[in-house]
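Working notes, structure below.
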Amino acid sequence: GWRPATPATRFGYPHDDHSFTRAVMRCVGIGNCRSHRGGVMCPSYRATREEEHSTRGRARLLFEMLDGHADSAVTDGWRSTEVRDALDLCLACKGCKSDCPTGVDMATLKAEFLDHHYAGRPRPAAHYSLGWLP
């Protein structure tokens with residue numbers, strides 16, 4: 001079947017045939033990321049209880065971004081404010097990688113997205129202030 005193209009990436013994705021797209025597609029919709037107790041799965045989802053802040057919801061938005069169809073919810077690719085906002089509350093704790101049966105690593109996907117999202121333009125001041133900490 002048809003699959004979205006794999007963009008050039010900063011990370012290697014060795015467990016996904018070196019493909020960001022395959023890393024995004026690790027999420028098969030099981031929904032363990034929507035658990036409310038036990039494990040460390042997605043603290044931001046547990047706080048908000050909103051699908052877009054679950055690992056599954058974020059993976060779905062990333063897939064739609066890569067898909068690029070006009071009827072998709074995400075039409076502006078790496079510059080997408082919808083994807084950025086959904087990833088904003090991700091703590092990059094890697095709870096998803098350890099608790100998800102398919103090992104989705106949203107922290108790495110978030111870092112990849114942000115690198116492309118802000119490429120060639122300034123990042124928010126908070127990003128710089130944290131980067132300058134000793």
Quiz item: Limited to the stretch 68-83, what total is found for residues that are assigned to a helix (DSSP H, G or I), more than 9 Å from the chain's Cα centre (by Cα) and either closer than 18 Å to Arg22 by Cα or among the charged types (D, E, K, R) (or both)?
Solution: 4
Exercise. Identify, from the list Ser44, Ser98, the residue that is assigned to a helix (DSSP H, G or I), open to solvent by less than 20 Å² (accessible area, probe 1.4 Å) and among the hydroxyl-bearing types (Ser, Thr, Tyr).
Key: Ser44
Quiz prompt | Residue list for the stretch 51-72, filter: in contact with a Ser or Thr (Cβ under 7 Å, 6 or more places away or on another chain) and either touching a residue at least 60 places away in the same chain (Cβ under 8 Å) or aromatic (Phe, Trp, Tyr) (or both) | solution = Leu66
Quiz item: Quick check, is His116 surrounded by 10 or more Cβ atoms within 10 Å (Cβ to Cβ) and more than 16 Å from the chain's Cα centre (by Cα)?
Solution: no
Quiz item: What do you reckon, is Arg58 within 14 Å of the chain's Cα centre (by Cα), surrounded by 13 or more Cβ atoms within 10 Å (Cβ to Cβ), at pLDDT 90 or above and not in a loop (DSSP other than H, G, I, E, B)?
Solution: yes
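Can you pull out the residues in the stretch 77-95 that are open to solvent by 70 Å² or more (accessible area, probe 1.4 Å) and more than 11 Å from Leu62 (Cα to Cα)? First the steps, then the outcome.
Filtering the stretch 77-95 down to residues open to solvent by 70 Å² or more (accessible area, probe 1.4 Å) leaves 79, 82, 84-85, 88-89, 91, 93-94.
Those that are open to solvent by 70 Å² or more (accessible area, probe 1.4 Å) and more than 11 Å from Leu62 (Cα to Cα): Arg79, Asp85, Asp88, Leu89, Leu91, Cys93, Lys94.
With respect to Arg123, determine if the residue is surrounded by fewer than 14 Cβ atoms within 10 Å (Cβ to Cβ), among the charged types (D, E, K, R) and either outside any helix (DSSP H, G or I) or in contact (Cβ under 8 Å) with a residue 24 or more places away in the chain (or both).
On the way: surrounded by fewer than 14 Cβ atoms within 10 Å (Cβ to Cβ): yes; among the charged types (D, E, K, R): yes; either outside any helix (DSSP H, G or I) or in contact (Cβ under 8 Å) with a residue 24 or more places away in the chain (or both): yes.
It is true that Arg123 is surrounded by fewer than 14 Cβ atoms within 10 Å (Cβ to Cβ), among the charged types (D, E, K, R) and either outside any helix (DSSP H, G or I) or in contact (Cβ under 8 Å) with a residue 24 or more places away in the chain (or both).
The values are calculated or read from the model by the stated rules, or taken from the named source; none is laboratory data. Computed from a predicted structure; not experimentally measured. Virtual Cβ from ideal backbone geometry, glycine too; neighbours counted across all protein chains shown. Only protein heavy atoms, including side chains, enter the accessible area calculation; ligands, DNA and RNA are left aside. Shrake-Rupley method; radii C 1.70, N 1.55, O 1.52, S 1.80 Å.
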